[in-house]
1. Name the single residue, out of those in region 146-176 being in a helix (DSSP H, G or I) and touching a residue at least 12 places away in the same chain (Cβ under 8 Å), that is farthest from the chain's Cα centre (by Cα).
2. Could we say that Ile75 is buried (at least 20 other Cβ atoms within 10 Å of the Cβ), within 29 Å of Glu136 (Cβ to Cβ) and touching a helix residue (DSSP H, G or I) at 6+ places or on another chain (Cβ under 9 Å) here?
3. Any idea which of (1) hydrophobic (A, V, I, L, M, F, W, C); (2) surrounded by 18 or more Cβ atoms within 10 Å (Cβ to Cβ); (3) in a helix (DSSP H, G or I) is the one Val143 doesn't satisfy?
4. If you check Ile181 against the conditions, is it of a type in the set (Val, Ile, Thr), within 20 Å of Met9 (Cβ to Cβ) and either modelled with pLDDT of 90 or more or under 13 Å from the mean Cα position of the chain (by Cα) (or both)?
5. Here's a check for you: in region 52-67, which residue that is under 15 Å from the mean Cα position of the chain (by Cα) and surrounded by 15 or more Cβ atoms within 10 Å (Cβ to Cβ) is farthest from Met111 (Cα to Cα)?
6. Can you tell which of Ser79, Ser38, Ser51 is in a strand (DSSP E or B) and hydroxyl-bearing (Ser, Thr, Tyr)?
7. Can you pull out every residue in region 91-132 that is part of a loop (DSSP other than H, G, I, E, B) and buried (at least 20 other Cβ atoms within 10 Å of the Cβ)?
8. Only one residue in Arg5, Arg30, Arg70 is within 14 Å of the chain's Cα centre (by Cα) and either part of a helix (DSSP H, G or I) or surrounded by fewer than 18 Cβ atoms within 10 Å (Cβ to Cβ) (or both). Which one?
Amino acid sequence: MWKGRKIVMRQPQIKDAAILQKWYMDKEFRQMYDAYSSISLYNILQEIRESGTFDDPNVTRVNFIVTQKRDDLPIGVASIRNINRQNGNAEIVFGIGEKDKRLAGYGVDMMIVLLDIIFYHLDFEKCYLLVHDNNELGLNSAVNFGFKAEGRLRKHSFIEGKYVDLWILGLLKEEYEELPIVPKWKARK
């Protein structure tokens, strides 16, 4: 279990399957979070059962359910995937499934917790994320947080009847440690 200022991230449980399915079926949510493999309840349950942990040196993905710290209600989902221990990097993906919780500071908290895991628990050098052009909020949020554009795959994904670009954004451990928002955010816990 990992705690932020406003959230708790824990391993997904069987009881979370229905809410995950609800979020995965939401078109708006799918634009922010693409780390699911299926909207089928059977497949979601299978993915929960097979969810990895950082204790396994061969794990390449760890999924989380994100809950509000104050009442333990699920509000979103996060994943650290493409875990590359040899090269010291991993990708983060996260989304807030509950619409009324978006733009309320939960995303920043989720990002800081995920980055702390990558940089201090796994002791990696780099974190990255992939954001489609049509997710303007996600793209602007990542850049404003401190991620740097490292590349753009032009017309890489076919979404809603058109091709959109996919941005690769990266953040190094030393850059993370220099961000003024991180100590301020953590001080308010």
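The values are calculated or read from the model by the stated rules, or taken from the named source; none is laboratory data. For clarity, every value in this text was computed on a predicted model and none was experimentally measured. Here Cβ is always computed from backbone atoms with ideal geometry, including for glycine, and neighbour counts include all displayed protein chains.
1. Glu175
2. So Ile75 passes the test.
3. (2)
4. no
5. Among those residues, the one meeting the criterion is Arg61.
6. Checking each option against the conditions leaves just Ser79.
7. Gly97, Phe124
8. Arg30
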